[in-house]
Structure formats: structure tokens, C-alpha cells
Amino acid sequence: MVDESLIEGRPGFPGTAPSAGGMGGMGGFDNPPMIMDYAQALNQALREEMRRDPRVYLIGEDIVLGVPFGVTKGLADEFGPDRVLNAPISEAAIVGSALGAALTGLVPVVDMHFADFVTCAMDEVVNQIAKSRYMFGGQVSCPLVLRMPYGIGRSAGGHHSNSVEAWFLNTPGLKLCMPSTPADARGLMKTAIRDPDPVLLFEHRGLYRLTGEVPEDETLVPLGAADVKRPGRDVTVIATARMVHESLAAARRLAGDGIDVEVVDPRSLVPLDRDTLAASVRKTNRVVIAEEGPMRGSAGTWLAWVVMEECFDDLDAPIVRVAAPNIPIPFSPPLETFAMPAANDVVAAVHQVLK
Amino acid sequence: MVDESLIEGRPGFPGTAPSAGGMGGMGGFDNPPMIMDYAQALNQALREEMRRDPRVYLIGEDIVLGVPFGVTKGLADEFGPDRVLNAPISEAAIVGSALGAALTGLVPVVDMHFADFVTCAMDEVVNQIAKSRYMFGGQVSCPLVLRMPYGIGRSAGGHHSNSVEAWFLNTPGLKLCMPSTPADARGLMKTAIRDPDPVLLFEHRGLYRLTGEVPEDETLVPLGAADVKRPGRDVTVIATARMVHESLAAARRLAGDGIDVEVVDPRSLVPLDRDTLAASVRKTNRVVIAEEGPMRGSAGTWLAWVVMEECFDDLDAPIVRVAAPNIPIPFSPPLETFAMPAANDVVAAVHQVLK
Amino acid sequence: MYAGMVRVRSFEERVRELFAGGRIPGFTHTSIGQEAIAVGVATALAEDDYVLSTHRGHGHLVAKGGSLRGLMAELYGKATGICHGKGGSMHIADVSVGYLGANGVLASGCVVAPGVGLAIKRRGSAQVVLTFFGDGAANRGPFHEGVNMAALWKLPVLFLCENNRWASTTAHALSTAGGSIAARAAGYGIPGESADGNDVLAVWDAVSRAAERARRGDGPSLIEAHTIRWVGHFEGDAQLYRSKDEVAEGRQKDPIARLRASLEALGLLDEAHAARIHEAVAGEIEDAVAYAEASPLPAPDDALTDLFVHYPWRE
Amino acid sequence: MYAGMVRVRSFEERVRELFAGGRIPGFTHTSIGQEAIAVGVATALAEDDYVLSTHRGHGHLVAKGGSLRGLMAELYGKATGICHGKGGSMHIADVSVGYLGANGVLASGCVVAPGVGLAIKRRGSAQVVLTFFGDGAANRGPFHEGVNMAALWKLPVLFLCENNRWASTTAHALSTAGGSIAARAAGYGIPGESADGNDVLAVWDAVSRAAERARRGDGPSLIEAHTIRWVGHFEGDAQLYRSKDEVAEGRQKDPIARLRASLEALGLLDEAHAARIHEAVAGEIEDAVAYAEASPLPAPDDALTDLFVHYPWRE
Ligand SMILES: Cc1ncc(C[n+]2csc(CCOP(=O)(O)OP(=O)(O)O)c2C)c(N)n1
Ligand SMILES: Cc1ncc(C[n+]2csc(CCOP(=O)(O)OP(=O)(O)O)c2C)c(N)n1
Ligand SMILES: [Mg+2]
Ligand SMILES: [Mg+2]
């Protein structure tokens, strides 16, 4: 279970402030602490996988110093400039080169800096990376990871707040995961790196400083395994990334009203663990879906469809969705807060689905 | 009503063969024929709007000769090279420049050549075009049209068969339409050009040679107005673009079994005419959604959600969807046919929703 | 020009304080040390010329004559901001002075600019459009596509690279093969010029010549202006990647001090006059701050306006 | 090299016939007239060097030693095709000979190639990777980003532009500012060379030198090979945009006739020998056609295989 201390507060945009967990200049986690933050957990996963497999390398902008989120901090010290490549500001070449390297023997982990900038390498992701293995009749595989720091928060504005996961859900040939806790972040990153296919790992930038327990031994979280973050009887809330925490906060509040909410985190969207979702819905018969992307045509839209497909007859009420409105994310705090789905919205949705 | 003569056959990929309608070297339609094909209807709309408004210009690759689909053929003869610009192969600059021109007084109509290549200008579409007006607090408007020739067919293969509309549905700030007939093509193109906001017009390349009646007078088809292409009592089939015709073919076959299918064409996805969709569903209580995009996270996924939201209690059976499987579109004819949704699939879906 | 640079510097210094004091939310990239470029450009351009800017755009807007009140209120996220709080530092625009937008996506202006050039050409006016971009941004594809298109069609576009030696933590030399951005112009058959970006007159001169050329219909030019940023890449940057010497070098090449020395030598400026300028500028900026402080925040559901011209749609 | 060019030419001519006869579905772009480039490149490269190709890629693959049977069967869309019918003309690959794929999206290879270069560099082998692209494609952003990255990191990458004067209906001069693609190399500090793409020896020479340089660790080169395409942009192209003279010029500069004349002059080839080559090549090609004709089509639901390594997922 996650440490929930940070949940009520709006998770922040961390800048380069030293992390609470003190990963500062240490450069390593030989004895992983039991408690670490999401960024440290990702850092540890990268370090472990780079030690395990010399084919793994990192490429992206400003990753030697790990700016702006600290995820890759210290790795250049251990693995050197051949395995931690600060690239020019050339997203198409960063992503395209990862494909070339993956096809010929390496395992790239690409830092998109902000998921928003995948728009500058969209052909490379959807036409080249996603399709190479298929179009070439299985002659090649394409083992690479795209790290997609994303999320709304801290007035980052329209160009640094896009939720783009739905585009890639709609692009056959890619796997997608969205960890919500430090443990899941570490476990999914390790799995993604070992997976022989391209995996997009969405890291919510509002969670980087969220701390939580991480198992001491090397635990892989499989793709396609949802996780019940909180069991409950009355309503199923299917939530991703930051909205898992907002939903847990909502569940605590609703518990006070005697409403017992189950929070299910799919963890990976492709492949999707339909069984765990369906089992929860068959138990509660009422569903809320909570995400951060814009309402129209989002990943949550797909999750709603899956629930309909699996459990139409089990539903006692129409599904209620929590998502951002269909606008770019505005800058000013009150506007951004308006656009950013939160625990309140989940509480309201649960009340609505119980009506 | 459309001419349905071409519907049973698989609509083709036209290359540069002279069109059946004889638009060849004529260079104009001063007296519009009552029957024309979809490409001619688009051509006429462009011509009329360029005559009406000197701010309108066309930009794209190979549009002077109108290669490969003939939509812009002859327009350079009438309007000259200042208004029909053959651009270098620079999709980002083609689309980005359209924004610059739109912000400063022109009305660009951009030919994406194939919708697939919007991946080469993705930042320009989703971060620049979609967001400029909003982020700038309404100081500017952005009147431009992106023509998106798309669709599966004729073994075009993985890089020329993408259905990308769902990505833009999920991008606030864009309007989207998908004409299925020559009349709608002309009417929606004219509306799109006059609209003060950016509009993506998806032209299905399998429909370019489809002929149909087009009103002699200038008829605008509003955005946000669905059209009932065939009234029926038993099942509502919501279909877009080529799937409208496949659904009409399916309806004719099903009529033989005494099943009366209503075919509803949303025509525009943003804005979406929820009322017409809902009215149909309230009448039939059973819904099939038919589209060409891949099943996961597609535009049809969104339409299914809208139906659930509007009409949950009116549904007598779970919605059934017809879409492509979650694979890139393969080259070889039997594989492509397998991946390409068709009338058969709609017939099967209707039987399923009636079970 | 002196007043212009002082205005930019003072504005940015005030922004830094306000950011540190928690008054300004979001990301903020200031242009302290780089004022000569913004002001040299704005002086060389006419009022109705257009500018496309970057994430480091306050100086460009201040120099182009944008309203300090509107800009400061926007940085605060206030309803009275130029963009009603929707844009903020990285996505601000002031169309009334031809400033067509900062940009959170690097190099995007390079492809937008040719379209502005097309519109100018169509209306037959003598305007030009100038797009700013950084040395880091110059490595993105849009640079290539935009320069090629503008050169091909002889559009009145100026490409102005602010080379401040760094793209965030990455040194120019480690991201730019060949080292010179100006040298890339030759490949497109257009003039490429390297200018001292710490010398406002040099920038003014280079941009003036390029603008004249563009107005004559001879097409675009590329100017690489070398400068030094004195402060962090963004507010909060620990700057572990560079030595203090560089900032010292920057201060030593201070474009404001330099112009002042020249003007004083020419007898065009004296202590008293300079003091009046500084005072006047300080007054303008305090006025802007006071305005921003006093302005209301937008109502939360103002978030739903300004998306489309005909608002609202049904969904 | 003579046999190589004859093989490419004959293959492409046969493809045209088969396409016209409805045996080959899809889009097809042939390289007739451009054989000297494919063969000059393949001769200069080693067997384990890599190539990234374009929409006009048959010749590159034939020259690199790809299986004619596998290639022809792929063009037919047969189950025995190299890609089991999933790729077709524009998305074919034969990894066994280092051919990492044709590409339906222009210039994409320019950014993939640096990654292949990185992998080569990491394993410390003496390999190189060469990416083909057209004169039209050179105007896309990936050209700029890929060349810069490869030059910056001194990667063993060769950028080979096939300048056949046209990008579909658009003349080179109307899409490329400055006119020369080779000249753009200077901006990145790498060698840029213009070669006669109708002379297989000139291509071989230029590529050999560039490859040697790359193997030495001195980084990438850009080669622009000028040639003429004799036929339409794609099969079915009415070619309204160009005069017949150009094709006549192409035929007059026929790279195959040219090499043959040289070889004959040197006494290295005579009528009888040439006839044997043509006959042998014709035999190979007819064998490939017969193989393709006799091969089964894939089963429709084979469409569901090859997406992921561990197939199937639940959805
Ligand atoms: C396409 C894109 N990639 C990455 C970023 C993240 N980023 C913001 S500023 C910056 C450095 C920019 O350097 P430069 O272009 O030299 O401008 P400077 O900050 O020095 O003014 C980076 C990498 C971005 N905003 N857009
Ligand atoms: C990114 C992209 N834009 C447009 C196209 C459509 N297209 C295919 S081939 C072609 C012309 C290519 O010209 P060039 O690069 O010179 O190669 P050539 O065909 O002459 O060999 C065009 C525009 C494409 N395939 N990819
Ligand atoms: Mg810089
Ligand atoms: Mg060409």
C-alpha cells in the first residue's frame, strides 16, 4: 500500500529541488531503502536494469544531470557517457535513433522530457516503432521504452500538460503502462525494459515526489495485471496514475458516509487486465472511471467501453466518468484547478453513480 | 440519398486515372452537374470558396496537378500559383505555415496528401493550431482546414492506411468532420472553409470515385448535424465515411430478412449531434457502431460512450461495434480484406445486437 | 535603445523576485544578459512587423512595445492578463504589437513564420516577420523545413538564433555539429550572419540589413546572435553544469553597460539622464506590478471560454 | 557490377509488367534508370553493412543481395514473401542482408540511421549504415536532425540522396532552396559530395571513400547522386509534369550501357559474355516470378500474427 501522506495535497511540479528521499549526490541504492519516492524508484529500476543488461542505454535531453525531474540523476556517473546520452534537441532523431538501435542489438530507454514533445517524433513512434516488427513479418523485434513524463499541475500551461496516452492506445503495436506508486513504477519500468516490444511508460510528473514502500528484492510488475489499490463493496473506481491517489482520498472521505469504494488501477492499458476489472464490476455493479485526460475520446472512454463489453448486464447504473474538460490546460491556478480532475470530482461521481 | 451503385464493390484507390465524371482537363464546373463524384464535389467546393473569398488558398504536395486523388485538379489554372501552392516535402512547414497565415489574414486549406503524414506535423496541429486561440485568450482566430485523405484499401500498406481521427477527437481545439457522400463532401468542405476555427476534414480515399447527387445551389452542411442516411425501426447503425455505405449495403441485405435498419451518419465528430443520435437510439433501442479505425480507443469508442451517456436506459442490448482489429493495416489483399471492416461485419453485428 | 534594455532587464529582475516570492506561478525563463538582442531586433523592426518568440520571451515582448501591465498580469495568472491567464509566461501573445506568441515547444516558430510571410506577400505590404529561436532549438527539424520554405519562396522572414551557449544543461558545442548555426544558411542559398549579441548596435545593424533585404523581396536571412545568459535556464535552476566564470564573462560584457559607455563617450547620455531613465522604467514596472497585484484572478469556469469562436458547443 | 545493374533493371521491368497485368497489388515505385546508385552503393558496402531504404527500394534490396524469390513473393502479397505479405513494396525488409526496410514515410531513415550507428559503435565493429533518401525527402526535418546527430557523435552513417530531379510532380528546383543538397553538409561540418549517379563507378568510389572514413571513426558523409528516373513516379503516373526529353536524356545516359561500353573498351566484357549475364539474370527473375506465382496467399487471419513477440494478447 502506498504512503498516502501526499494524497490530499495537490502533487507538485518538482523542479530540481533535492528530493525528500535524499537521492542527492549519492549516486546509488545498493541497499534499497524500504521507502523511496516515485522518481527514486524509477532511478533504481534503470540502474538495476543497466547493471543487468549492457545493451540498455538511456537517451534524451539533459538526462546526465537528470533535469528537470531527477529520474536519471547519477546514472551517468556509474554508466558513463556511452550509456547515458545527452542528445541535441532533436526529438525525431532521439526517438528514430532508438528504433535503429533496437533493431540492431541495443535496448534504448528514451526520455521524452515531457510527453507533450512526442508530437515532435510522432511518425517515429506510430509509423516506425509501432509497425516495424509487424510490417517486416516478424523479422525483427523492437525492444525499447519511451518514458513519457506527463500530467497536469503547477501551472505548466498548454504545452507541458497534455495527456496523450489515448493516441497510443489507438495505435496498434505499442504497449502502454501508467504506474501510480513507487513500487509499481519500479516494477513496471523493469518489465518494460525486459519486454521485447516497444513500451510507453507514462510517468506522472505530479507523483515523482510521492513516497511509498518498495520491495527490497527485485519485483517485476507484469504488464496486463491490474491492482486493487483498495478493496470495497459498493462502487468500483477505475483510476490511472495520479487519479488513483485522488480516488483513494475520495474513498476515505466516502467511507465516512458509509460508502465502501473499491479502487482498481489497471497499471497497464495495453495489455489490459480485463478480468480484474470485470471481477470488481461484477461485485459492485457500479462504476466510476477517473483519469486526467480530456473527456472526449480519452483512455477512460476506452475503459468505459471495456466495462460495457464485459459487464453490460452487471451494471446497475450508467458508468460515470471523471476527466478533464475538452480544453487545453490553462495556466492560471484557478483555471488549472478547474481543469484538473481531483478527489472532489470522484466523490461527486460516486454519489451520482449511487443515485 | 446517395447513388449506391458502388457500394457493394470495395471502393478503390484511384491513382490518377481520369475520373468517371469526366472532370479531366475541363478545369471548371460552372454549371454543376446533378451527379458528380466525391472528388469532384470537393473540387467544386474549393473552387466556389476560392471564388467567393480571396483569402482562401491551397497548400500541399503535388496539388497543382492534383496528384494522387484529383481533388485539386484544375484549380491552379483558375487561381494561379499564389493560391495553389505546391510545397516542398516539409509537412511541418506546410502545416505550421498555415497557422501563421491564418493568424495574419489568410484562410489556408492544407492537403495532408495522406492523413498518415500528419504524424510529420503533429506538434503543429495539436500544440500550435489547436491551442493558439485558447492560450492567447481569444486574441486570434485560426480559420484553416486540414484535408485528411485517409482510409484502408487497395493494398496501400501500413504507412498509407492509418485512421487517425481518434487522436484529434482527443485534442481539444479542433473540429472534425468525415463526409460520406459527394453532397456532404461539398457541403462540409464549404462550411469548414467558412468556419473561423481549425477544421480537420477526413476524406475517405475509397470514396473519391463514388458518385451521387449534389444540389445545384450552394448548400452548406452545418457542423454538428448528423444525417439519417436510411430510416429504420429495428436497429440503429451509427457509421462514418466508407462504413456508411457498407452499412447501407448491410441494411439492404438485412431488409430481406425483415430487419429494418436505420443508418445514422454523424458527419461531424466535433461538434457532435448528440440529439439525432439519441433520437434514433430511443426509437430502435439497439445500436451498432461501424467505423474503419482500430477497435481500441477509436472514434467509435467515443460514439459508444456518448450513446451510453445519452441513452443508457433505452438500450435493450449491449452496443456492438464494428472496427478494424488492433493491427497495422497489412499489404496483401487477403490480409487487408481481413483487417478492413465491411458490410458482412455490419450484418453480423446487427444479428448479434438483436439476439 | 538604452531605455529599452533597462526596461527588459528591470522587468526580468522583478519577475525573478516575484517568482521567488511565490507571486508568479509556473515555469519562468528570464532573459537577463540577453537584452541587446530583444532590443536590437525591436529597434530594427517597424511597429507593424511581426515577431514569433520562444519560452524565453518576456524581453521580446517588452522590447516590441507590449503592455507591461498586460504582460505582468498574465504572468500572475490574472484575469486582466493579455491572455486572461490562459497563457502564462510560455504561451503569451500580444497581437496588438505584432507579437504572435511565445512558445513552449522549441523551434515551432520556424515553421509558423513562413506562413506569416505568405500573408504579408499576398497583401503586398512591406512588413516582415522575425522568428526567435535558441541555439538548442536550431537542431530541431522545423528549423530546416522553415528556412528552406522561406528561402525557396523568397518570403520576408528573418530567422534569429539567440545563441546563449546552452540549451538548458547542454552546451552548444555538444549539440550542434559544425558549431556554427549561421553557417547553415549557405546550404539554403541565403545570407547567414554571426552577430555580437551583447552589442545592441550590432544586432540592430544585422537585423536592419536583413529586414531591408526582405522588404525588397529578396527573401530571408539567418542571424546568429551570440550572447550569455546570466541566470539559470529557468527560475530554480541550480546551474551545476557551468562555471561561475561564464556568468562573470557575461557581466563583463553587459550590453547595457556597454551601450551606456558608448553613449557617454559620445556625450549622448549622462549620469542624470540615465538616472531619469532608470527611474522612469522602475515606475512603469512598479505600476505593472501594482496593476497585476490588484487585478482579480479569473473565475474558475472562465477556463471554458476562448476555445472556439462560437462558444459553446454542445460538448 | 554489370550483372548487378542488369538484375535491378530486369527485376524492375518485370515488376512493371506484372503490375500492369494485375499480378502485383498496391503502390509500386520502380527505379529504372537509377540502377547505378543501388549497385554502386551495394558494391562499396560490405555484406554486413546496413542499408535503410525508401519507397523506391526494390533496386536497393536486389543489389544488396536480397532473395529475389522472397522479394517477388512479397510484392505479390504471398505467404512466402519476406514479410509474409504484411509489408509489400513500400515496407519490405530483409534483415538477413542488412536491409532494414523500405519506408512509406519519406526521410524517416535519416533519423533511424544514427541509432544503427550507435549500435555499431557500441559493439565496436567496422560496420557502417547507409540511408537512402530522395531529393524531395531531403526537405523534411529528419534530414536535419539525423545529419546533425550523426555528425555530432561521429557515427558511421552515410547519407545518400538519390536526386532524380523530381519529387513526384514537383521539380527539384522548386522544392530545394539553394539547389544543392550536398552543399548542406558543410553546415554540419561533414563532407558533402555530388556524384554522377548514372556512373556506377563514381557512386562506388564516393561511397567507398565515405565508408572508409566512417569505419575509421571519422563520422558521417553526405553524398548526392544525380540521376534520372525513366518511368513514372509510381506505376500509373501519367507524367504530365515533365517533357519526354528528360527521359530521352536518361536513356542516353543509361548507366548500364555506359558501364558496358567501358568494360568492352577495356576488353573485360564481350557480346557473348553480356548475353550470358542477361540470360542468367532473366533466369533468376523468372524463377522468382514462378516462385511467387506458385506460392499460396496468406490465410486471412495471419493478419493477427507478428505484432508483438508474445502473441496473442488478450486484446
Ligand atoms: C520540442 C521541445 N523539446 C524540449 C523542450 C524542453 N526545453 C525547454 S527549453 C530547453 C532548452 C532550450 O535551449 P535553447 O533553444 O538554446 O534556448 P534557451 O533556453 O537557451 O534560450 C529545453 C530542452 C521543449 N520545450 N520543446
Ligand atoms: C512524409 C511523406 N510525405 C509525402 C509522401 C508522399 N510521397 C511519396 S513519394 C513522394 C515524392 C518523393 O520524392 P523524392 O524524395 O525525390 O523520391 P523519388 O520518388 O524521386 O525517388 C511523395 C511526396 C510520403 N510518402 N511521405
Ligand atoms: Mg540556448
Ligand atoms: Mg526524387
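The values are calculated or read from the model by the stated rules, or taken from the named source; none is laboratory data. What you are looking at is a predicted structure, and each value in this text was computed from that prediction instead of being measured. Note: ideal-geometry Cβ built from the backbone for every residue, glycine included; neighbour counts use all protein chains shown.
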Subset of region D:38-56 (residues that are under 8 Å from the mean Cα position of the chain (by Cα) and more than 13 Å from chain A (Cβ to nearest Cβ)): D:Ala38, D:Thr54, D:Arg56
Search result, residues across region D:83-117 that are within 14 Å of chain B (Cβ to nearest Cβ) and among the charged types (D, E, K, R): D:Lys86
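Could you please give the count of residues in region C:88-112 that are small (Gly, Ala, Ser) and within 17 Å of C:Phe234 (Cβ to Cβ)?
Narrowing region C:88-112 to residues small (Gly, Ala, Ser): C:88-89, C:93, C:96, C:98, C:101-102, C:104, C:107-109.
Filter once more, so that each one left must be within 17 Å of C:Phe234 (Cβ to Cβ): C:88-89, C:102, C:104.
Adding up the residues that qualify gives 4.
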Residue match in region D:183-192 (condition: crowded, with 20+ Cβ neighbours inside 10 Å, within 14 Å of ligand 2 (Cβ to nearest atom), in contact (Cβ under 8 Å) with a residue 12 or more places away in the chain and under 18 Å from D:Gly109 (Cβ atoms)): no
Number of the condition not met by A:Phe136 [criteria: (1) within 12 Å of another protein chain (Cβ to nearest Cβ); (2) under 22 Å from the mean Cα position of the chain (by Cα); (3) hydrophobic (A, V, I, L, M, F, W, C)]: (2)
Matching strands (runs of 3 or more DSSP E) fully within region A:263-355 where at least 3 residues are closer than 17 Å to A:Leu176 by Cα: A:268-270, A:287-294
Complete set of residues in region B:131-149 that are touching a residue at least 60 places away in the same chain (Cβ under 8 Å) and closer than 30 Å to D:Pro300 by Cα: B:Pro149
Answer from B:Val126, B:Val118 - the residue that is within 18 Å of B:Asn170 (Cβ to Cβ), buried (at least 24 other Cβ atoms within 10 Å of the Cβ), within 12 Å of ligand 2 (Cβ to nearest atom) and not small (Gly, Ala, Ser): B:Val118
Tabulated pairs, region B:280-305, first at the interface with another protein chain (Cβ under 8 Å from one of its Cβ atoms) and at positive phi, second modelled with pLDDT under 95 and surrounded by fewer than 24 Cβ atoms within 10 Å (Cβ to Cβ), C-beta under 6 angstrom, 6+ apart or interchain: none
Test: residue in region D:65-82 that is within 30 Å of B:Ser90 (Cβ to Cβ), in contact with a strand residue (DSSP E or B) (Cβ under 6 Å, 6 or more places away or on another chain) and away from chain C (no Cβ under 14 Å): no
Qualifying positions in region C:170-199 - more than 9 Å from chain D (Cβ to nearest Cβ) and in a loop (DSSP other than H, G, I, E, B): C:Pro191, C:Gly197, C:Asn198, C:Asp199
Selected residue [touching a helix residue (DSSP H, G or I) at 6+ places or on another chain (Cβ under 8 Å), touching a residue at least 12 places away in the same chain (Cβ under 8 Å), within 14 Å of chain D (Cβ to nearest Cβ) and surrounded by fewer than 24 Cβ atoms within 10 Å (Cβ to Cβ)] from B:Pro341, B:Pro325, B:Pro318, B:Pro333: B:Pro325
Matching residues in region C:119-169 - criterion: being among the aliphatic types (A, V, I, L, M), over 16 Å from the mean Cα position of the chain (by Cα) and within 14 Å of chain D (Cβ to nearest Cβ): C:Val147, C:Met149, C:Ala150, C:Ala151, C:Leu152, C:Leu155
Condition broken by A:His159, with the remaining ones in (1) outside the structural domain of A:Val270 (by TED's automatic domain parsing); (2) in a loop (DSSP other than H, G, I, E, B) satisfied: (2)
The listed residue being away from ligand 2 (no atom under 16 Å from the Cβ), touching a helix residue (DSSP H, G or I) at 6+ places or on another chain (Cβ under 6 Å) and at positive phi, out of C:Ala107, C:Ala73, C:Ala119: C:Ala107
Enumeration of residues in region A:198-220 that are buried (at least 22 other Cβ atoms within 10 Å of the Cβ) and either among the hydrophobic types (A, V, I, L, M, F, W, C) or within 14 Å of A:Leu188 (Cα to Cα) (or both): A:Pro198, A:Val199, A:Leu200, A:Leu201, A:Phe202, A:Glu203, A:His204, A:Leu207, A:Leu210, A:Val214
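Could you tell me which of the residues D:Ile223, D:Ile228 is touching a Cys at 6+ places or on another chain (Cβ under 8 Å), surrounded by 18 or more Cβ atoms within 10 Å (Cβ to Cβ) and away from every other protein chain (no Cβ under 14 Å)?
None of the others qualify; the one that does is D:Ile223.
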Residues within region C:153-162 that are more than 13 Å from C:Val111 (Cβ to Cβ) and surrounded by 24 or more Cβ atoms within 10 Å (Cβ to Cβ), tallied: 5
Candidates D:Val116, D:Val112, D:Val147, D:Val105, filtered to the one that is buried (at least 24 other Cβ atoms within 10 Å of the Cβ) and either within 16 Å of ligand 3 (Cβ to nearest atom) or not in a helix (DSSP H, G or I) (or both): D:Val105
Sole residue being within 14 Å of chain B (Cβ to nearest Cβ) and over 26 Å from D:Tyr50 (Cβ atoms), chosen from D:Asp270, D:Asp254, D:Asp302, D:Asp287: D:Asp302
Region D:136-161 residues that are over 23 Å from D:Ala173 (Cα atoms), paired with ones that are at pLDDT 95 or above and among the aromatic types (Phe, Trp, Tyr) (beta carbon under 7 Å, 6 or more apart): D:Asn148/D:Tyr188; D:Ala151/D:Tyr188
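Residue-wise test of (1) within 21 Å of the chain's Cα centre (by Cα); (2) farther than 30 Å from C:Gly77 by Cα.
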position	(1), (2)
A:Gly258	no, yes
A:Arg274	yes, yes
A:Arg282	no, yes
A:Gly293	yes, no
A:Arg296	yes, no
A:Met308	no, yes
A:Leu315	no, yes
